[in-house]
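The values are calculated or read from the model by the stated rules, or taken from the named source; none is laboratory data. Values in this document were obtained by computation on a predicted structure and should not be read as measured data. Here the Cβ is made from the backbone with ideal geometry for all residues, glycine too, and neighbour counts use every protein chain on show.
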Amino acid sequence: MMATDARSIGTLAESRESEAGSPGRVAVIGGGIAGLSAAHFLKEAGAEVTLFESSDRFGGLGAYFEYDGLYLDKFYHVLQPSDDELLPLLKAVGHSHEPYWREMSLGFYYDQELYPLGTPMDLLRFKPAAFSDRIRLGLTALYAAYVAKPEPLDNITVGEWLSRVSGKRAFERLWKPLLIAKFGDAYEQIPALWYWASFNREKGTKQEVKGYVQGGYKGMTDAIVSSLRDRGVMLHLNSPVEHLDLDEEGQTTLRVNGDTLAFDRVVLTVPVFFLNKMVADGKLAEWLARINTDIDYQGAINVLVMTKRSLTKHYWLPVVNCNVPFDGIVETTRVIDLNETGGRHLVYLLNYVHRSTPLFNRDPDDVRDEYVTALLDLIPGLTRDDITDAMTFKTPFVEPLYTPGYASRKPPFEWVPGKVYLATTTQVYPEVTSWNSSTIMARRAVEALLRTVRQPT
């Protein structure tokens, strides 16, 4: 396995000029899916690639843990049939397993009662909303899929728009809980364009389908990492980039574990607000005014509960007016084969919360105990004997917190012309943050880099 200590990294310090039309020596900052994808696309284009990851693992939000000889996801992850960038990437790196697909259904817990909500007839039977509101909810789906124009939706909040289209009562009973389940208390600022793009990803009228691949997200990460290593990409863990700058000759330089390294170009895939500290007191600091680096993120906390039996027939369940501390339930083993989990059913009790909130900073064991007790009270017939284990996981940077007018403030793929490129989740908007959308951002950043490299002089 490649060494990752400071001395081995120090051997990279000598740089050479890139040949005409070649990407040259490119550093990728960040070892999540965007960074790994960028390294793949750069290598395909003939670059000499070095990737730096600050933690001790690759994969970013595709985090996993070892349990009883198996690797399980810390957070809920599934594939979509529309993952038209990620799925070809897995084939390109030689991932040996094809995804498998399952039809999914959505449920809705309201006032301690479970309602299915996957078909038009389910919507008509949704008692928490008045019958007239149910009709408007159905028309909202058709309007969003086939009539609404996306451009104006960037300038109003999703709450304003859905209250107008569906009615305020229907918004309060259905849409608001769904938004809270995704964004927590930050839902009020999210532009309507995000909802429109999210809804049209599935078109709203088809049977929802989710997928998984044997080996999970660890297996996908391992396949990409193995392919990169085999093709000569230099991969470094435990290697946070402390400073990003330009030297006197105009080359980009990185300070990593105390060593200063020179590269022809850099692709940055971590949250853009990291740039505020990363380029401080250097030549690149003056470039900060040219992009929006004040983009905050919503974090997530979830309790993974392992059970002997399935809780419901639904994959995802928003939970409203049920006197429980979590906003949603995701049972990933409605998608994932039980042989992937040692026969355990995996249930994620989730909240999207900011990293500054008391909930995010509570003792994990206290959160676990409170959530498990609430789940036992909520699910009929569920007993402590049905639960084999439970644990709490949290992560601070999941979804950028967009505000109206964000489309005009998205960071560009080329930040410092010819030198520094960005492939971050802050550029995904209005799409939903996912491994697929991050892979798309990586490709677009590399395409921007190649356009600069190959343009006529």
Got a sec? Which of 305, 330 is modelled with pLDDT of 95 or more and within 19 Å of the chain's Cα centre (by Cα)? 330
Could you grab the pairs with beta carbons closer than 9 Å, sequence gap of 6+ or different chains, first residue in the stretch 272-285 and without any contact (Cβ under 8 Å) to a residue 24 or more places away in the chain, second one assigned to a loop (DSSP other than H, G, I, E, B) and not hydroxyl-bearing (Ser, Thr, Tyr)? 273/294; 273/295; 273/296; 276/294; 285/279
Suppose the filter is under 21 Å from residue 453 (Cα atoms), small (Gly, Ala, Ser) and assigned to a loop (DSSP other than H, G, I, E, B); does residue 232 pass it? no
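With respect to residue 31, determine if the residue is closer than 30 Å to residue 333 by Cβ and either free of Cβ contacts under 8 Å to residues at least 40 places away in the same chain or buried (at least 23 other Cβ atoms within 10 Å of the Cβ) (or both).
yes
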Is it fair to say residue 259 is of a type in the set (D, E, K, R), more than 26 Å from residue 395 (Cβ to Cβ) and out of contact with any Cys (no Cβ under 7 Å at 6 or more places or on another chain)? yes
Examine the stretch 230-243 for a residue that is farther than 16 Å from residue 415 by Cα, surrounded by fewer than 18 Cβ atoms within 10 Å (Cβ to Cβ) and at pLDDT below 95, and state whether such a residue exists. no
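Answer yes if at least one residue in the stretch 272-279 is touching a Ser or Thr at 6+ places or on another chain (Cβ under 7 Å) and not in a helix (DSSP H, G or I), and no otherwise. I'd like the intermediate steps shown before the answer.
Initial filter on the stretch 272-279 (touching a Ser or Thr at 6+ places or on another chain (Cβ under 7 Å)): 272-273, 275-276.
Imposing the further condition that a residue be not in a helix (DSSP H, G or I) reduces the set to none.
No, the stretch 272-279 has no match at all.
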Please determine, by comparing only the residues of the stretch 35-77 that are among the small types (Gly, Ala, Ser) and under 24 Å from residue 336 (Cα atoms), which one is surrounded by the fewest Cβ atoms within 10 Å (Cβ to Cβ). 69
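Each row is one residue, and each column tells you yes or no for (1) over 25 Å from the mean Cα position of the chain (by Cα); (2) at positive phi.
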| site | (1), (2) |
| --- | --- |
| 113 | yes, no |
| 122 | yes, no |
| 126 | yes, no |
| 130 | yes, no |
| 133 | yes, no |
| 160 | yes, no |
| 178 | no, no |
| 184 | no, yes |
Please verify whether the stretch 297-309 includes one or more residues that are surrounded by 22 or more Cβ atoms within 10 Å (Cβ to Cβ), assigned to a loop (DSSP other than H, G, I, E, B), in contact (Cβ under 8 Å) with a residue 60 or more places away in the chain and not charged (D, E, K, R). no
Can you name every residue in the stretch 445-455 that is crowded, with 18+ Cβ neighbours inside 10 Å and free of Cβ contacts under 8 Å to residues at least 60 places away in the same chain? 448
Identify the residue in the stretch 162-184 that is over 15 Å from residue 319 (Cβ atoms) and touching a residue at least 40 places away in the same chain (Cβ under 8 Å) and, among all such residues, is surrounded by the fewest Cβ atoms within 10 Å (Cβ to Cβ). 169
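If you check residue 380 against the conditions, is it in contact with a strand residue (DSSP E or B) (Cβ under 6 Å, 6 or more places away or on another chain), of a type outside the set (D, E, K, R) and farther than 29 Å from residue 64 by Cα?
Values: in contact with a strand residue (DSSP E or B) (Cβ under 6 Å, 6 or more places away or on another chain): no; of a type outside the set (D, E, K, R): yes; farther than 29 Å from residue 64 by Cα: yes.
So residue 380 does not fit the description; no.
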Subset of the stretch 88-110 (residues that are surrounded by fewer than 13 Cβ atoms within 10 Å (Cβ to Cβ) and either in a helix (DSSP H, G or I) or at pLDDT below 90 (or both)): 88, 91, 96
If a residue has to be assigned to a helix (DSSP H, G or I), surrounded by 13 or more Cβ atoms within 10 Å (Cβ to Cβ) and at pLDDT 80 or above to count, how many in the stretch 137-153 make the cut? 1
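Given the options 428, 335, 324, 372, name the one that is buried (at least 21 other Cβ atoms within 10 Å of the Cβ) and modelled with pLDDT of 95 or more.
Working: 428 fails: modelled with pLDDT of 95 or more; 324 fails: buried (at least 21 other Cβ atoms within 10 Å of the Cβ); 372 fails: buried (at least 21 other Cβ atoms within 10 Å of the Cβ).
It is 335.
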What number of residues within the stretch 428-445 are in contact with a Phe, Trp or Tyr (Cβ under 7 Å, 6 or more places away or on another chain) and not in a loop (DSSP other than H, G, I, E, B)? 4
Quick check: anything in the stretch 346-357 buried (at least 18 other Cβ atoms within 10 Å of the Cβ), assigned to a helix (DSSP H, G or I) and either in the same structural domain as residue 251 (by TED's automatic domain parsing) or aliphatic (A, V, I, L, M) (or both)? no
Given the conditions (1) in contact (Cβ under 8 Å) with a residue 12 or more places away in the chain; (2) in the same structural domain as residue 86 (by TED's automatic domain parsing); (3) in contact with a Lys or Arg (Cβ under 7 Å, 6 or more places away or on another chain), report the number of the one that residue 376 does not fulfil. (1)
Which of the numbered conditions does residue 408 fail, given that it passes all the others? Conditions: (1) farther than 26 Å from residue 32 by Cβ; (2) not assigned by TED's automatic domain parsing to the domain that holds residue 42. (2)
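Would you check which residues across the stretch 332-373 are of a type outside the set (S, T, N, Q), touching a residue at least 12 places away in the same chain (Cβ under 8 Å) and farther than 16 Å from residue 393 by Cα and list them?
Of the residues in the stretch 332-373, the ones of a type outside the set (S, T, N, Q) are 334-338, 340, 342-350, 352-355, 358-360, 362-372.
Those still in the list that are touching a residue at least 12 places away in the same chain (Cβ under 8 Å) too: 334-337, 340, 342, 344-350, 352-355, 359-360, 364-365, 367-368, 370-372.
Correct list: 334, 335, 336, 337, 340, 342, 344, 345.
Do we have residue 130 as touching a Lys or Arg at 6+ places or on another chain (Cβ under 7 Å) and under 22 Å from residue 180 (Cα atoms) here?
Values: touching a Lys or Arg at 6+ places or on another chain (Cβ under 7 Å): yes; under 22 Å from residue 180 (Cα atoms): yes.
Judged against the criteria, residue 130 is a match.
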